Amino acid sequence: RLHRLRAKLLGAARERAKWMLKSLADLRAQAGQAPLVSKQCLRTVARRRRQALASTELAAFGERIAEHGSMAVDCLGEDVIAAYWPLPGEADPRALATRLAERSGARLALPVVDGDEMEFREWRDGVALEPAGFGTMGPSRGAPVLQPSIVLMPLVAFDATGARLGQGKGYYDRKLAQLAAKPLVVGIACACQELPVVPTEPHDLGLDLLVTELGATSFAR
């Protein structure tokens with residue numbers, strides 16, 4: 001009996017040490033709490049919502065996004081607007097980018113991934129594009145590299161505070177942190193991508209403005 005008691009006490013001590021708890025009562029209390037939801041789980045949920053949209057719906061959403069965004073985004077001739085080449089299921093920013101540029105005379109750019117980094121190259125109408133990483137298209141290496149003042153940014157999910165959930169690679173967070181002047185960050189999404197809460201970390205970039213097929217929302221930063 002003494003041997004069994006010692007083994008039981010030793011096992012309890014090991015459990016406390018493993019969970020960094022003062023007592024097993026604390027472990028029992030934590031066992032009833034829901035675990036934190038990972039970003040990867042949230043990405044899966046949001047991607048499934050996007051996949052349920054028909055291609056005709058996405059095309060119509062792109063036009064509505066252009067209508068709402070053109071009224072919400074102030075753009076000048078000296079601005080550089082960075083759009084993106086949408087992946088299957090992503091909201092399309094190209095109509096909005098084109099409309100803003102035609103109205104103001106601003107220059108356009110598209111992101112190109114090179115290794116672990118991303119740069120924005122000038123996008124001109126009629127100039128051939130080439131693979132730019134992760135299934136997207138972008139200007140060739142001969143195109144000028146530009147520093148955007150307005151970034152139309154893709155996202156997987158968002159919440160009501162303007163928190164953005166990206167693909168998880170961190171390209172936009174790293175690149176925009178390197179710019180000398182912070183650009184206006186405009187998230188482009190479908191309304192179905194909204195989640196109750198998007199968990200954030202210090203390096204995660206928040207949105208200044210969000211545009212969906214339902215309208216535009218501004219966030220104070």
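State yes or no: is GLY162 out of contact with any helix residue (DSSP H, G or I) (no Cβ under 9 Å at 6 or more places or on another chain), at positive phi and either buried (at least 18 other Cβ atoms within 10 Å of the Cβ) or touching a residue at least 60 places away in the same chain (Cβ under 8 Å) (or both)? If you could, list the steps in order and put the result at the bottom.
Details: out of contact with any helix residue (DSSP H, G or I) (no Cβ under 9 Å at 6 or more places or on another chain): yes; at positive phi: yes; either buried (at least 18 other Cβ atoms within 10 Å of the Cβ) or touching a residue at least 60 places away in the same chain (Cβ under 8 Å) (or both): yes.
In short, yes.
Consider LEU76 carefully, then state whether it is surrounded by 10 or more Cβ atoms within 10 Å (Cβ to Cβ), at negative phi, modelled with pLDDT of 90 or more and not in a helix (DSSP H, G or I). Let's see the steps before the verdict.
Working: surrounded by 10 or more Cβ atoms within 10 Å (Cβ to Cβ): yes; at negative phi: yes; modelled with pLDDT of 90 or more: yes; not in a helix (DSSP H, G or I): yes.
Here the answer is yes, as LEU76 does meet what is asked.
Across segment 134-150, what is the total count of residues that are under 13 Å from GLU119 (Cβ atoms), touching a residue at least 60 places away in the same chain (Cβ under 8 Å) and buried (at least 21 other Cβ atoms within 10 Å of the Cβ)?
Going through segment 134-150 one residue at a time, the tally reaches 1.
Please work out which residue is nearest to GLY215 (Cα to Cα), limiting yourself to segment 117-133 and to residues that are in contact (Cβ under 8 Å) with a residue 40 or more places away in the chain and open to solvent by 30 Å² or more (accessible area, probe 1.4 Å).
Taking segment 117-133 as the starting set, the residues that turn out to be in contact (Cβ under 8 Å) with a residue 40 or more places away in the chain are 117-120, 123, 129, 132.
From what is left, the residues that are open to solvent by 30 Å² or more (accessible area, probe 1.4 Å) are 117, 119, 123, 129.
On the way: GLU117: 32, GLU119: 29, TRP123: 26, LEU129: 30 Å.
My answer is TRP123.
If I filter segment 30-49 down to residues being of a type outside the set (A, V, I, L, M) and in contact with a Pro (Cβ under 9 Å, 6 or more places away or on another chain), which single residue comes out as modelled with the lowest pLDDT? Write out each step before concluding.
Narrowing segment 30-49 to residues of a type outside the set (A, V, I, L, M): 30, 32-33, 35, 38-41, 43-44, 47-49.
Restricting the remaining residues to those that are in contact with a Pro (Cβ under 9 Å, 6 or more places away or on another chain) gives 38-39.
Numbers: SER38: 80, LYS39: 83.
Applying the filter and picking the extreme gives SER38.
What number goes with the only condition from (1) open to solvent by 50 Å² or more (accessible area, probe 1.4 Å); (2) at pLDDT 90 or above; (3) aliphatic (A, V, I, L, M); (4) assigned to a helix (DSSP H, G or I) that ALA95 does not pass?
(1)
Those residues that are under 21 Å from LEU205 (Cα atoms), in a loop (DSSP other than H, G, I, E, B) and within 17 Å of the chain's Cα centre (by Cα), I need them from segment 117-147; list them, please.
Listed by number, the list holds a single entry, PHE134.
Considering only segment 105-116, how many residues are within 22 Å of the chain's Cα centre (by Cα), among the small types (Gly, Ala, Ser) and crowded, with 18+ Cβ neighbours inside 10 Å? Give the derivation first.
Taking segment 105-116 first, the residues within 22 Å of the chain's Cα centre (by Cα) are 108-116.
Right, trim to among the small types (Gly, Ala, Ser) and you get 109, 115.
Subsequent filtering for residues that are crowded, with 18+ Cβ neighbours inside 10 Å retains 109.
The qualifying residues number 1.
Can you say whether VAL211 is assigned to a strand (DSSP E or B), open to solvent by less than 30 Å² (accessible area, probe 1.4 Å) and in contact (Cβ under 8 Å) with a residue 60 or more places away in the chain, as far as the supplied structure shows? Can you show your working first?
Values: assigned to a strand (DSSP E or B): yes; open to solvent by less than 30 Å² (accessible area, probe 1.4 Å): yes; in contact (Cβ under 8 Å) with a residue 60 or more places away in the chain: yes.
Yes: the conditions hold for VAL211.
Being out of contact with any Leu (no Cβ under 9 Å at 6 or more places or on another chain), surrounded by 11 or more Cβ atoms within 10 Å (Cβ to Cβ) and at pLDDT 90 or above narrows it down to one of GLU102, GLU90, so name that one.
Working: GLU90 fails: out of contact with any Leu (no Cβ under 9 Å at 6 or more places or on another chain).
Unique residue meeting the criteria: GLU102.
Somewhere in segment 192-210, is a residue at pLDDT 95 or above, touching a Ser or Thr at 6+ places or on another chain (Cβ under 8 Å) and of a type in the set (A, V, I, L, M)?
Yes; the residues of segment 192-210 include at least one that is at pLDDT 95 or above, touching a Ser or Thr at 6+ places or on another chain (Cβ under 8 Å) and of a type in the set (A, V, I, L, M).
Is it true that some residue in segment 175-185 is under 18 Å from SER38 (Cα atoms), open to solvent by 80 Å² or more (accessible area, probe 1.4 Å) and modelled with pLDDT under 95?
From segment 175-185, those under 18 Å from SER38 (Cα atoms) are none; that's our starting set.
No; the residues of segment 175-185 include none that is under 18 Å from SER38 (Cα atoms), open to solvent by 80 Å² or more (accessible area, probe 1.4 Å) and modelled with pLDDT under 95.
What single numbered condition from (1) free of Cβ contacts under 8 Å to residues at least 40 places away in the same chain; (2) outside any helix (DSSP H, G or I) fails to hold for ARG103?
For ARG103, the exception is condition (2).
The values are calculated or read from the model by the stated rules, or taken from the named source; none is laboratory data. Keep in mind that this is a model prediction, so the values were computed, not measured. Reconstructed Cβ throughout: ideal geometry from the backbone, glycine too, with neighbour counts over all protein chains shown. For accessibility, only protein heavy atoms count, side chains too; no ligands or nucleic acids. Shrake-Rupley method; radii C 1.70, N 1.55, O 1.52, S 1.80 Å.
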